[in-house]
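Since the structure comes first, as structure tokens, the remarks are kept for the end.
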Amino acid sequence: MKTGISVRDSMTIKPVTAGLDASIQEIAKLMKRGKVGSIVITFKQKLVGIISEKDIVERVIAKGIPFDELKAGDIMTTELVTINPNDDIYDALILMGSEEIRKLPVVENDKLVGLLTSNDILKIEPALFDIMSVRTRLREEHRKPIRYVEGICDNCGFQGPVIKIKQEYLCIACKP
């Protein structure tokens, strides 16, 4: 389901960035000042990593590591999933869902040109919210004791995972 809207049209053109040697406290201050949940780490204008609030919590605070000893390069995520600015935002949303991420660095000719977040996509194309929320619910459903079967929803016609409730088969979106 292509939207005709490119990543370039939706992305944040100037994401908040920091260098490899930025302290964790500096990273946190940049997040607060920029009102963002992640900082892109660059070296010579090339993308080398990303640090999210989750990274700080899981890799520093939860482990009790004194943050004043660490630099951005010590805790950043380096295995990055990126996207081209000419790709459709639908493809970006599908990629985010399959990789279970909410932020995609946008790279062109090996150079960081922007950052695309799920919020950026939803601001531009709110109709994609349904796809995103169904994918999230599907991903979380395996943790619950309710078992779904493949079928067709009696309420909306969705073909995929459904559950029998009373005398009807309902998808996740239609399930009460």
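The values are calculated or read from the model by the stated rules, or taken from the named source; none is laboratory data. Computed from a predicted model, the values in this text were never measured in an experiment. Glycine also receives a Cβ, built like all others from the backbone with ideal geometry; neighbour counts cover every protein chain displayed.
Which residue, of ASP68, ASP74, ASP55, is within 17 Å of PRO15 (Cβ to Cβ) and in a helix (DSSP H, G or I)?
Working: ASP68 fails: within 17 Å of PRO15 (Cβ to Cβ); ASP74 fails: within 17 Å of PRO15 (Cβ to Cβ).
Result of the check over ASP68, ASP74, ASP55: ASP55.
Report the residue count in the range 77-104 for those that are under 20 Å from MET31 (Cβ atoms) and assigned to a loop (DSSP other than H, G, I, E, B).
Residues that pass the stated criteria total 4.
List pairs: first in the range 13-38 and assigned by TED's automatic domain parsing to the domain that holds LEU70, second part of a loop (DSSP other than H, G, I, E, B) and small (Gly, Ala, Ser), Cβ under 8 Å, 6+ apart or cross-chain?
Taking only residues 6 or more apart or on different chains, the pairs are LEU30/ALA22; MET31/GLY37.
Could you check ILE65 against (1) modelled with pLDDT under 90; (2) touching a Lys or Arg at 6+ places or on another chain (Cβ under 7 Å); (3) loosely packed, with under 15 Cβ neighbours inside 10 Å and say which number it fails?
(2)
Among the residues of the range 42-62, count how many are out of contact with any Phe, Trp or Tyr (no Cβ under 6 Å at 6 or more places or on another chain) and either touching a residue at least 24 places away in the same chain (Cβ under 8 Å) or crowded, with 17+ Cβ neighbours inside 10 Å (or both). If you could, list the steps in order and put the result at the bottom.
The first filter runs over the range 42-62 and keeps only residues out of contact with any Phe, Trp or Tyr (no Cβ under 6 Å at 6 or more places or on another chain), leaving 42-59, 61-62.
After this cut, where a residue has to be either touching a residue at least 24 places away in the same chain (Cβ under 8 Å) or crowded, with 17+ Cβ neighbours inside 10 Å (or both) as well, the list is 42-43, 45-52, 55-56, 59.
Going through the range 42-62 one residue at a time, the tally reaches 13.
Checking the conditions here, which among ALA127, ALA173 is farther than 25 Å from GLU53 by Cβ, over 13 Å from the mean Cα position of the chain (by Cα) and either assigned to a loop (DSSP other than H, G, I, E, B) or modelled with pLDDT of 90 or more (or both)?
One residue alone meets the criteria, ALA173.
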